[in-house]
Amino acid sequence: MSDLIRMNASDLVEAMNAGQVSSVEITQAHLDRIAAVDGDVHAFLHVNSKGALDAAAAVDAQRADGQSLSALAGVPLGLKDILASKGLPTTCGSKMLEGWIPPYDATVVTKLRDAGIPILGKTNMDEFAMGSSTEHSAYGPTHNPWDLERIPGGSGGGSSACLAAFEAPLAIGSDTGGSIRQPAAVTGTVGVKPTYGGVSRYGVVALASSLDQVGPCARNVLDTALLHSVIAGHDPRDSTSINKPVPDVVGAARRGDVKGMKIGVVRELSGEGFQAGVQTRFDETVTLLEGLGAEVIEVSCPNFPHALAAYYLILPSECSSNLAKFDGIRFGLRVGDDGSKSVEQVMSETRAAGFGPEVIRRIMLGTYALSAGYYDAYYGQAQKIRTLIAQDFDKAFAQVDVLISPTAPTTAFKIGEKMADPVSMYLNDVATIPVNLAGLPGMSLPIGLATEDNLPVGLQIMAPAMADDRLYNVGAAIERELLSKWGGPIWAQAPELAGA
Amino acid sequence: MAEALMKYDEAIANFDPVLGLEVHVELGTNTKMFCGCSTVFGAEPNTQVCPVCLGLPGALPALNRIGVESAIRIGLALNCEIATWCRFARKNYFYPDMPKNFQTSQYDEPIAFEGYLDVDIDTDEGPKTFRVPIERAHMEEDTGKNLHMGGATGRIHGADYSLVDYNRAGIPLIEIVTKPVEGTGKYAPEVAKAYVSALREILRGLGVSDVKMEQGSLRCDVNLSLRETPESKLGTRSETKNVNSLRSVERAVRYEVMRHAARLTAGERIVQETRHWHEDTGISTSGRSKEDAEDYRYFPEPDLMPIAPSREWVEELRANLPENPAVRRTRLTAAWNISDLEMQNLMNAGVLELVEAAVSAGMNPDAARKWYTGELARVANERGVEVEELGVTHVELSRIEALISEGALNDKLARQVLDGLIAGEGDVDSIVAGRGLAVVSDDGPLIEAIDAALAADPAVVETIKSGKLAAAGSVVGAVMKATRGQADAARVRELLFERLGVSE
Ligand SMILES: [Zn+2]
């Protein structure tokens, strides 16, 4: 058991069941790895050593006791710092919540704890999940383990980087416009944004309520599916949660059979703006799928080019309201309360000091878009686009079982490269945003390295609502072929990190 | 700074008032609108809170179905249409008593709309029914409460610091908004009062709220504008807040009519503003100007699903509504054989339910009315509380009545028993025993007292004997005084005439 940190979660569970290794040993190995490399990667904002080892010891005792355990019991995990976790700091990457310890657990966190999954720590993210690079974290950027000068994607760059750096075998992300999938793509990992309502949002600090969805991240399709099945399911505390059985994602991930499936390539999600090396790998994957017996056809989603614009009205509108509660009155940062100022002044100074520039930009945009006289032209219009995009998907899924596209238009860009140009940063999510607007599930999985920069390229798979299992079925089929083609996982091609 | 007022009659002679009433009702659900916290009034501050109603990061609302059901029942009782599909909306503004800095409310899609309420008022031409049109009834959540500490007035000005109690935050509210109420003429104050009173009666009958104005479970805002004639377009209105008693509703309307009229006559314009009503001084003062109206940036609440009450559910709720209060009044007026005026007295005293409960428990309607509109109403009024808050039950009243008809109590003693009940001294019989209130039925002490009274006033003996029986009153009075009211006056009179050998 020398290389615990590079093992799949499913293999770790088998090893634990066989008595070859304990959860404490696995958890300690990952904590050691964090200690060794996270100074360079900065995937974690808070490391929960004692809590993780205590949870691991408890699982080991239960396993020794012969108790029936969850499919991932004892496998540790990195938790995005957007989920409220009792007794653990939850900052959302913002100064606004520095030092805040939630008095309650998000439903997903409760499920993780109940499943015996030790929480290694809280992972870095763009402040309040606003960004595509994790550079907007108030606590400094996360670095891509494939090239430390590059971004690990965002907003959930900490969750993707901790997987790529072998600091954790599993991670939880949240995806509002691509924050799970784009980081997965640029770090050579797997991430799934489930169907909206498939996983509870209770305790997930809201960015845009109608778009946010929590999802699983791992280094392979099956591990992702196992984690998906742990966190998914109806939650009465979340009114938008769907009260239906969770699709059999684990069965689909074990199956991986696309023979006879119809797969659609979205015409509007290619071409201009997409890096050549990304397009090449994507085209190869189409050929691969055809070789596996799938029928691949091109479909058109004519309203997708408007998705980004609609998204950047709906998201700021909702976030301007969601983030109003950060006022320094009940929790988190308070600035200027020297006894001489009015409550309004203290609120105002607190918000000016606590929010970073990207957050302020989006609050301003949203406040404007919802204002009397502008509502119909902006928010109202954006909602109409949203309906049209959902209709595009409906028409497409009348023809095909799943849709595919590159996840991100480019591989990981350099830290600092796009900070001065918000719009070019926003364009990174052009392919991932449509499924959020329509509430559908999407996966990103690695399909190779771009020849021009040797950096990972991601494939996005999209499915109808509550057909999350199709993502795993198609993803597993592709993964199996690529593993045999490469002779091992993609990360075997990654450079070794210093300090390891 | 008192503002100029025009005499009411003069104001009405020159202007036509238009009313608008916004009533907030706190529902009596066990739990809050979007979380499981208790709604019981008067708990220690911030003990009935959770992540949801504190607006902690990540918390989400889950809708209280009983809240929705109550809203629909209120809508139906107010003759409203019930939406087939509606949503909550966020009303965004910053205020420390509002945990999320937005209020979850309803905006352009209320659950109930287009209704009316008929109210009865007394006019110079006799009783009249007036129809108040209702625009909407919608659901929302209450805010917390700011407590301003250190100042003299409890208001924010002059306070050293403020505390916030979030126990009230998230309690379900129904806001009931009238359309502009036109055509009331000089009866605008009476219509306003009758509307709130009738609304309270309906809500109490539905059992959806305790409708206690003094505890804030029913809160009223009065909008008023004047125009030159009923044909003119609507004038600028003022919104008077905190009008929290029936009497104040009437007074606030009257005050605003007089204030608007004075301003308009002086050529000044009416500022669209919210005004604060002062119960103690009976005037309103200027609050926030609405001319630079706050933009609430309403948008549909994405954390809650739309509400689509099925028609079957709505019809089931309609079928199970309690009897309409007006219909009930007509029925009871006939059953008890009382006049409209007597029924009105019961209504005004707010004791109709109590009398009905007493009668259905077997008490004589006249006796029940006598107690509730008489002594109990007087004491309640004196103490500024509702009659039911005195805690005197019909079981106890029935016992008092029984003792009176047995001759064991007279009216005066009965009132003392009542005092004892209100003071919590126990049940009727123990108060009678404890206070020594039994009527003196032994003739011995009475005859002694009569003899003493006659001795003190020898002249009266001859007067009575000469046939002027009315003179007996002074003797009876003296005897009653001597026995501290515990004598039966009729028996004293009998004994007196016996003693003097006079027959009535
Ligand atoms: Zn609560």
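Only the coordinates and a few stated rules stand behind these numbers; no lab work does. In this text the structure is predicted, and so the values were computed from the model without any measurement. Here the Cβ positions follow ideal geometry from the backbone for every residue, glycine too, while neighbour counts run over all protein chains shown.
Here are some notes:
- Across every pair of non-identical alpha carbons in segment B:443-500, the mean reciprocal distance, once inverted, gives a Kirkwood radius of 11.0 Å.
- All-pairs alpha carbon distance profile, segment B:122-180, 5 Å steps from 0, percent: 4, 15, 11, 11, 11, 12, 12, 9, 9, 6, 2, 0
- Within chain A, DSSP assigns beta bridges of which about 65% are antiparallel (rounded to the nearest 5).
- Of A:S210, B:S286, A:S132, the sequence from fewest to most neighbouring Cβ atoms within 10 angstrom is B:S286, A:S210, A:S132.
- Tensor-based shape of segment B:301-458 (alpha-carbon gyration tensor, a/c under 1.5 rounded, otherwise prolate or oblate): prolate
- Ratio Rg/Rh, restricted to segment B:8-313 and using Cα atoms, in which Rh is the Kirkwood radius: 0.97
- Förster radius 51 Å - calculated FRET efficiency between B:D280 and A:A353 (Cβ-Cβ, nearest 0.05): 0.75
- Over chain A, dividing the summed -39,500 (n - 2.57) contributions of all DSSP H runs of at least 4 residues by the number of residues returns a 222 nm mean residue ellipticity of -12000 deg cm²/dmol.
- Spacing of the two label points (7 Å from each Cα toward its C-beta) at A:A18 and B:D340, in nm: 9.5 nm
- Estimated FRET transfer efficiency when R0 is 35 angstrom, pair A:S49-A:A71 (beta carbons, to 0.05): 0.90
- Hull shadow area, averaged, segment A:118-186 [alpha-carbon convex hull, nm²]: 4.1 nm²
- Magnitude of the charge dipole for the protein assembly as shown, about its Cα centre and with charges confined to Cβ atoms of Lys, Arg (+1) and Asp, Glu (-1), is about 600 debye.
- Computed over Cα pairs, the Kirkwood radius of segment A:64-223 leads via Stokes-Einstein (1.306 mPa s, 10 °C) to a diffusion coefficient of 104 µm² per second.
- Between the listed residues B:A380, A:G154, B:I74, the Cα displaced farthest toward the positive end of the dipole of the protein assembly as shown, a dipole computed from Cβ unit charges relative to the Cα centre, is found at A:G154.
- For chain A, alpha-carbon Rg and Dmax in angstrom: 21.4, 73
- Inter-label distance for B:E462 and B:A433, nm, one decimal - labels placed 7 Å from Cα along Cα-to-Cβ: 5.2 nm
- Each of A:M462, A:M364, A:M261, A:M96 has some number of other Cβ atoms within 10 Å of its Cβ, and from fewest to most they run A:M364, A:M261, A:M96, A:M462.
- Beta bridges per DSSP, both residues in segment B:8-313: antiparallel share near 95 percent.
- Once you reduce segment A:18-69 and segment B:421-467 to the center of their Cα atoms, the two points are 92 Å from each other.
- Label-to-label distance, nm, for residues given as A:A420 and A:M364 (7 Å Cα→Cβ offset): 1.8 nm
- For segment A:225-304, the dipole from Cβ point charges (+1 on Lys and Arg, -1 on Asp and Glu) about the Cα centre works out to 320 debye, to the nearest 20.
- Calculated P(r) tail over 24 Å for segment B:1-155, as whole % of Cα pairs: 53 percent
- With viscosity 0.692 mPa s and temperature 37 °C, the Kirkwood radius over alpha carbon pairs of the protein assembly as shown converts through Stokes-Einstein to a diffusion coefficient of 99 µm²/s.
- Segment B:237-361: translational diffusion in µm²/s, Stokes-Einstein, Kirkwood Rh over Cα pairs, 37 °C, 0.692 mPa s: 166 µm²/s
- Distance from the C-alpha centroid of segment A:384-455 to that of segment B:54-120: 38 Å, rounded to the whole angstrom.
- Taking Lys and Arg as +1 and Asp and Glu as -1, the other residues whose beta-carbon sits under 11 Å from that of A:S209 total -3.
- The antiparallel fraction among DSSP beta bridges confined to segment A:52-205 stands at about 20%.
- Cut-off 17 Å (backbone N to label point 7 Å along Cα→Cβ of A:R330), residues of segment B:84-116: B:90-105
- Segment A:344-500: proportion of alpha-carbon pairs further apart than 29 angstrom, %: 41 percent
- Pairs of Cα atoms in segment A:262-409 fall into 10 Å distance bins, from 0 up to the last occupied one, in shares of 10, 25, 23, 19, 14, 7, 2, 0 percent.
- Distance from the C-alpha centroid of segment A:292-347 to that of segment A:178-204: 17 Å, rounded to the whole angstrom.
- FRET efficiency estimate (nearest 0.05) - Cβ-Cβ, A:E452 to A:R6, R0 22 angstrom: 0.20
- Dipole-positive endmost among B:F15, B:V191, B:V253 within chain B (Cβ charges, Cα centre): B:F15
- Cα shape, segment A:227-310, gyration tensor, a/c 1.5 rule: oblate
- Taking the number of Cβ atoms within 10 Å of each Cβ as an exposure proxy, the fewest-first ranking of A:F413, B:F299 is A:F413, B:F299.
- Summarising the overall dimensions of segment A:326-416 from its C-alpha atoms, the Rg and Dmax are 21.1, 66 angstrom.
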